[in-house]
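What follows is one structure encoded as structure tokens, with my remarks underneath.
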Amino acid sequence: ALVAAIVGACAARGGVGGLALWGISVWGPPAYAWLWILALGAPWLLLVGNLQGLWLGEGRMAPMARLTVAPPLIALVLVGLSAVWVSPPLPLVLGAWVVGKVLVGIAALVVLARGGRLAVPDFGALRREGRFIATIGLTNLIGLLNYRVGLFVVERALGLAATGIYSIAIVVAELLWFVSGSLTQAVYGRIGTPDRTQAAATTVRVLQLSVAALLPAAPLLWLAAWLVVPSVLGPAYADSLPLLAVLLPGVMLFGGGAALSAYFTNHVGAPRVPAQVAAATLLLNGSLSIVLVPMLGMTGVALAASVSYAASVLWMAHRFARHAGLPLRQVLLPGPQLLADLRLLRMMARRP
């Protein structure tokens, strides 16, 4: 009944968001004229992301992976098929993205219904969880703004062309979070255990493993971007490569912070802590961007993002260490457990 209430709430709020997108497309700047296409799929856009929480809490990675991979895969297939005949225009690309979200949303509801996980909606139960849900939602919203505040500053100060170049640097840099996000999702249920000692130990292991994995991944990602971005997107986008180099250190450290956020949300039941850190990071990121862009251009906004990401992880680690009763150096500095985990991963990789 609670799941059914969540489905209804997602559809209703998605509908309100769709109306907002439609209004922006009609009365907003010409660059946003095609947002009405996204408005058509808005009631479904919130559904898949929220339903992933069901399988995340159960530690079932396969259903989560299907929900994550299927929408972009459908969109890529549709765009690829259309490219056989014509160069896909922007409306077709947006439409393919919406179709992928809608089809996967419908499929998820069918799976839930057949599995007996939908009943008469209990909106009272949903309201009783309202404060917890609202805090997590606010945290996610602030986090999204934190990732994108630089784009707004660049657009205002340097124009849409510069925004397009900087957006490529952001998208490529955030690919690192697939690595750290996978580690955190895989142990999300273990971090949520009532045993504080076990939850804290798991959090530290995931934090250190994430950073250890991202250290070699970051330069490899930059090298791949250097080889691919200019040839695929055009020479103009080569300007995104120096920005990517500035972004990667902060993005790399920020990837480790996912485990710390999961600890406060899933174990402590205090999503307000990640919300406070995210709000402070957003303020720092926006302020530094406004100051540095006039002096350094796009490099300034990349530097602001990298510094604010690193600062947020250090602050979150400090709060985690105090709550878990651990020395901060034990949280941040690698120890024997990390070496043992790395040896185990190396042995697993060598198995046929």
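Which residue out of Ala324, Ala275, Ala310 is open to solvent by 20 Å² or more (accessible area, probe 1.4 Å), among the aliphatic types (A, V, I, L, M), out of contact with any Asp or Glu (no Cβ under 6 Å at 6 or more places or on another chain) and at pLDDT below 90?
Checking each option against the conditions leaves just Ala324.
Within the stretch 22-43, how many residues are of a type outside the set (Ser, Thr, Tyr), assigned to a helix (DSSP H, G or I) and over 21 Å from the mean Cα position of the chain (by Cα)?
So the count comes out to 12.
Looking at Leu126, Leu103, Leu176, which is the one that is open to solvent by 60 Å² or more (accessible area, probe 1.4 Å) and either more than 30 Å from Pro294 (Cα to Cα) or outside any loop (DSSP other than H, G, I, E, B) (or both)?
Leu103
Take the residues of the stretch 1-49 that are of a type in the set (Gly, Ala, Ser) and in contact (Cβ under 8 Å) with a residue 40 or more places away in the chain: which is surrounded by the fewest Cβ atoms within 10 Å (Cβ to Cβ)?
Within the stretch 1-49, the match that is surrounded by the fewest Cβ atoms within 10 Å (Cβ to Cβ) is Ala31.
Can you name the residue in the stretch 140-156 that is of a type outside the set (A, V, I, L, M) and farther than 19 Å from Met298 by Cβ and is also surrounded by the most Cβ atoms within 10 Å (Cβ to Cβ) among such residues?
The selected residue is Gly143.
Here's the yes/no breakdown for (1) more than 16 Å from Ile170 (Cα to Cα); (2) within 21 Å of the chain's Cα centre (by Cα); (3) open to solvent by 10 Å² or more (accessible area, probe 1.4 Å); (4) not polar (S, T, N, Q):
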position	(1), (2), (3), (4)
Leu215	yes, yes, yes, yes
Pro219	no, yes, yes, yes
Val229	no, no, yes, yes
Val232	yes, no, yes, yes
Pro235	yes, no, yes, yes
Asp239	no, no, yes, yes
Leu243	no, yes, no, yes
Pro249	no, yes, yes, yes
Phe254	no, yes, yes, yes
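Which one is farthest from Ser25 (Cα to Cα), of the residues in the stretch 85-107 that are modelled with pLDDT of 90 or more and among the aliphatic types (A, V, I, L, M)?
Ala107
Would you mind stating whether Arg131 is open to solvent by 40 Å² or more (accessible area, probe 1.4 Å), without any contact (Cβ under 8 Å) to a residue 12 or more places away in the chain, within 20 Å of the chain's Cα centre (by Cα) and within 30 Å of Thr184 (Cβ to Cβ)?
no
Would you check which residues across the stretch 51-85 are closer than 21 Å to Arg190 by Cα, open to solvent by 70 Å² or more (accessible area, probe 1.4 Å) and without any contact (Cβ under 8 Å) to a residue 24 or more places away in the chain and list them?
Arg60
Within the group Pro91, Pro72, which residue is within 20 Å of the chain's Cα centre (by Cα) and part of a helix (DSSP H, G or I)?
Pro72
The values are calculated or read from the model by the stated rules, or taken from the named source; none is laboratory data. Quick caveat, the model's predicted, so the values are computed rather than measured. Note that we place each Cβ from the backbone using ideal geometry, even for glycine, and neighbour counts take in every protein chain shown. Ligands, DNA and RNA are stripped out before the accessible areas are found, and what is left, the full protein with its side chains, is counted by its heavy atoms. Shrake-Rupley method; radii C 1.70, N 1.55, O 1.52, S 1.80 Å.
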